[in-house]
Structure formats: C-alpha cells, structure tokens
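One structure below.
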Amino acid sequence: MIKPILLSIPHMNGEEIEYVKEAFDTNWIAPVGPHLEAFEQEFCHVIGVNHAAAVVSGTAALHLALQLVGVESGDEVFCSTLTFAASANPIVYLGAKPVFIDSDRTSWNMNPELLQAALDKRARLGKLPKAVVVVHLYGQSADIDPILAACNRYEVALIEDAAESLGATYKGRSPGSFGKIGIFSFNGNKIITTSGGGMLVSNEPEIVIKARFLSTQARDPAPHYQHSEIGYNYRLSNVLAGIGRGQLQVLEQRVQARRRNFEVYRQALGELPGISFMPEASYGRATRWLSCMTINPHIFGADREQVRKILAQQHIETRPVWKPLHLQPAFAQYETVGGEVAEELFACGLCLPSGSNLTNEDLERVVGAIAKICSVGIKMN
C-alpha cells in the first residue's frame, strides 16, 4: 500500500504525554487547572504579550474578540478576503456585516492601501466599521504598521487573526501582538496543536479578564448559579493545555522544519516553467506553515486543479489556496474592496504537503511527481 502524504498533520515530541499524565494523576481533568494557567503564561512569554485566555478554538477566540470590542448587530467589520471562512463567520454570528478587503502581492495578506482607502471612504460617509480583522496568512505576517496606523487614525479596533502565523515575525515581533486583540489556533493542522484549541491575547488586562468570564458561561460571583450576561462554554480544558505546553517547547523546531520543506520545494521546483512560490515579505520571517506555489497553466502545461488531481491519485494531498470569502456563497451578499488579486491566487495557487514531520523521501516523492507532470504535460481544455 502506498503511504499517503498529507497536507499538515500533528507532530508530537513526547513531552506532551508527561503533562497529560500529570493532569490525570492529579485529577485536574476539568476545564480549569494548573496547566491552563501555565500554558497561558508561557504563551504570553513566547509571543510578547501580557495577558492570554486559552479557549476551545481560534474561532471561539475571534468570536469573543469581536464581542469584546463592541461589535453588534448591524455594524460593519472589515476583514481579509483571502482566508478561511472562520475569519468571517463570527462577524455574522453577531449580526454584523463583513466587508472584504483584497490582498497585496507582496505578502498575500490584506492590502494596506485598499484598507486605508476604504476607511477614508467610510469616514466621509460617517459610517466607520466597528473593527478590522486582519488575517496573517499561511504563516506570514501582514504589513502591520500601515494597517495599524490606518485603524488608529479612525480609532477602529484592530483584531489580528494570527491562527496560521504562530512563530512568524514582523520587524522582530510576533503577529498577534500589535492590535487591540490577537487570536491564535491550535487546530490539528496548525504548526503546534492541542488537538483543538485557541488563544485570545491582549495587553489590556480587562479584555482578557472579560474573555475568561464570557468563556465560562458568564457566571456571576455568587454561591449559586447566577448569570447577568449571556456566556459561552469556550474555556480550554486543563488536559489540552498540557498538550499545548509540550508543543510550545518545540515551536522553533517546528518553524525551522517547515521552512526547510519550503526551501526543498523552492530549490527543486522553482526553476520549472510557470511555477512561482508565495513570496516572503522583507519585513519579517514567515513560518511557511503551508508551502504555497502558483501555477501558470499556459507555461507549465497543466493547471492547478489538474496538478492537484494527479497528485491525489498518487496519494499526495494538496489543497487550493483559500477560496476568497467574497466568492463564497455564504458571503455573496457582502461588499468587497478589490478582489482581483485574491481571485487570481485562488485560481492558480496550490498548497503543498508541509508537515514538520515530513521525511526526505516524502519530499522527494512530491517534488518528483510535480516535475513529472511538467515534463509530460497535459492537454489543456
């Protein structure tokens, strides 16, 4: 049987089981426990923020973040369009309206100039958005300085969706640490994982205190169960926090492994006709959470979807880059600023197997299969 090569799978280092065993031995299985507090503190140290609340998913963290900056029904929230639906779903949860902002070509992230123009236009109309959600895509930071300056000019809250970018840098700092609130994901396919989980971070203590309150069903301080606000069952468990502590210890090793994968692909495939790779912006370090390339079908001889299907037949999993949210049926009614760059990247972009536990043989199989497609060519429809 041919071994499947998957896109991005969990990579345990062995230390996680010791933390989990400790949780079992001490019977700290419930949501609150010593690993939870330690994980939050250790995470703050790694990314350079003062306060953090661990929750069940990055989506939950974003939902809380939007609520904490005051997003309500009828508000507008500007959001990157080239991203996963979870970046915008919580906007709609709250009855607000996403406005999608196109990418730049330098980083594939939100275009700061388009954001500034959109904010200027809304200011003239007297209808500024309540928040901006900027996504740091595929392990690379967006260009934060001009984005933050644009938000600060109009006192619009900046929320950083750093679900895909833990371990990246922007001018020496971690994405997720610049805005009013940052959120991270520890889903099974992320650079480190707690199987499922997320983190909300902020340098404002009252924000994180309120996030913890809301994430534990908004229970009032009373001897009986009393609730003055609507809350959520969003708190991460002590057991999963233990896994996170073990994973956090090897974050830099995971970054280096994924960057190595990218370099193997770039060196082996970068000279093939019609192949380009996601650029690394000069202002920081990308983790290469996923190694992404674009295919010009007229030069390469096959389009992105043909390549994907041929690789799938060889048990090599690849994925198209995110379908822009403004093209998704669920968000079709909402406004978009630009969109052409994101649409072009979706049409020709492919994410390659990128796990930090890929072997040399795995990488050779992927490279060889793509090179063979190029050499043989496919009749274009």
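The values are calculated or read from the model by the stated rules, or taken from the named source; none is laboratory data. What you are looking at is a predicted structure, and each value in this text was computed from that prediction instead of being measured. All Cβ positions, glycine included, derive from the backbone under ideal geometry; neighbour counts span all protein chains shown.
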Checking A38, A23 in turn, the sole residue that is crowded, with 16+ Cβ neighbours inside 10 Å, touching a Lys or Arg at 6+ places or on another chain (Cβ under 7 Å) and among the small types (G, A, S) turns out to be A38
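Collect the residues in the range 233-263 that are part of a helix (DSSP H, G or I) and surrounded by fewer than 17 Cβ atoms within 10 Å (Cβ to Cβ), keeping them in residue-number order.
Of the range 233-263, the ones part of a helix (DSSP H, G or I) are 238-248, 251-263.
The answer is E252, Q253, Q256, R260, E263.
Listed here are the residues, each with its yes/no results for (1) assigned to a helix (DSSP H, G or I); (2) touching a residue at least 60 places away in the same chain (Cβ under 8 Å); (3) not hydrophobic (A, V, I, L, M, F, W, C).
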| position | (1), (2), (3) |
| --- | --- |
| H326 | yes, yes, yes |
| E344 | yes, no, yes |
| A347 | yes, no, no |
| L358 | no, yes, no |
| R365 | yes, yes, yes |
| A371 | yes, yes, no |
| S375 | yes, no, yes |
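Quick one: count up the residues across the range 1-11 that are among the aliphatic types (A, V, I, L, M), modelled with pLDDT of 95 or more and either in a loop (DSSP other than H, G, I, E, B) or closer than 22 Å to A241 by Cβ (or both).
The number of residues fulfilling the criteria is 3.
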Please specify each residue of the range 26-35 satisfying the condition of being in a loop (DSSP other than H, G, I, E, B) and surrounded by 17 or more Cβ atoms within 10 Å (Cβ to Cβ). W28, P31, G33
Out of (1) in contact with a helix residue (DSSP H, G or I) (Cβ under 9 Å, 6 or more places away or on another chain); (2) farther than 16 Å from P353 by Cα, the one V307 does not meet is (2)
If you scan the range 163-179, which residues turn out to be in contact with a strand residue (DSSP E or B) (Cβ under 8 Å, 6 or more places away or on another chain), under 10 Å from G139 (Cβ atoms) and of a type in the set (A, V, I, L, M, F, W, C)? L166
Among the numbered criteria (1) out of contact with any helix residue (DSSP H, G or I) (no Cβ under 6 Å at 6 or more places or on another chain); (2) touching a residue at least 40 places away in the same chain (Cβ under 8 Å); (3) not aromatic (F, W, Y), which one does L62 miss? (1)
Say whether the condition of being buried (at least 22 other Cβ atoms within 10 Å of the Cβ) and not basic (K, R) is met by at least one residue in the range 203-210. yes
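Specify which of the listed residues (I209, I230, I192) is in a loop (DSSP other than H, G, I, E, B) and within 19 Å of V69 (Cα to Cα).
I230
Of the residues L94, L114, L119, which is under 22 Å from L345 (Cα atoms) and in the same structural domain as D145 (by TED's automatic domain parsing)? Outline the logic, then answer.
Details: L94 fails: under 22 Å from L345 (Cα atoms); L119 fails: under 22 Å from L345 (Cα atoms).
On inspection, the qualifying residue turns out to be L114.
Of the residues in the range 60-81, how many are surrounded by fewer than 24 Cβ atoms within 10 Å (Cβ to Cβ), in a helix (DSSP H, G or I) and in contact with a strand residue (DSSP E or B) (Cβ under 9 Å, 6 or more places away or on another chain)?
Initially, the range 60-81 is screened for residues surrounded by fewer than 24 Cβ atoms within 10 Å (Cβ to Cβ), giving 67-70, 72-76.
Adding the requirement that they be in a helix (DSSP H, G or I) leaves 67-68.
If we keep only those that are in contact with a strand residue (DSSP E or B) (Cβ under 9 Å, 6 or more places away or on another chain) too, we end up with 68.
Of the residues in that region, 1 qualify.
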Within the group R308, R288, R260, R245, which residue is free of Cβ contacts under 8 Å to residues at least 24 places away in the same chain and basic (K, R)? R260
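Kindly establish whether E271 is of a type in the set (D, E), at pLDDT 95 or above, more than 30 Å from L66 (Cβ to Cβ) and surrounded by fewer than 21 Cβ atoms within 10 Å (Cβ to Cβ).
Values: of a type in the set (D, E): yes; at pLDDT 95 or above: no; more than 30 Å from L66 (Cβ to Cβ): yes; surrounded by fewer than 21 Cβ atoms within 10 Å (Cβ to Cβ): yes.
No.
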Need pairs with beta-carbon distance below 7 Å; first residue assigned to a loop (DSSP other than H, G, I, E, B) and within the range 37-59, second hydrophobic (A, V, I, L, M, F, W, C); sequence gap 6+ or separate chains. V49/V201; N50/C44; V56/L236
I'm trying to understand the selection: among the residues of the range 133-145, which are closer than 13 Å to C79 by Cβ and out of contact with any Gly (no Cβ under 8 Å at 6 or more places or on another chain)? V133, V135, L137, A142
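Test R266 against the stated conditions and say whether it is buried (at least 20 other Cβ atoms within 10 Å of the Cβ), over 26 Å from I147 (Cβ atoms), out of contact with any helix residue (DSSP H, G or I) (no Cβ under 6 Å at 6 or more places or on another chain) and not acidic (D, E).
no
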Selected residue [under 20 Å from the mean Cα position of the chain (by Cα) and in the same structural domain as D104 (by TED's automatic domain parsing)] from A286, A241, A257: A241
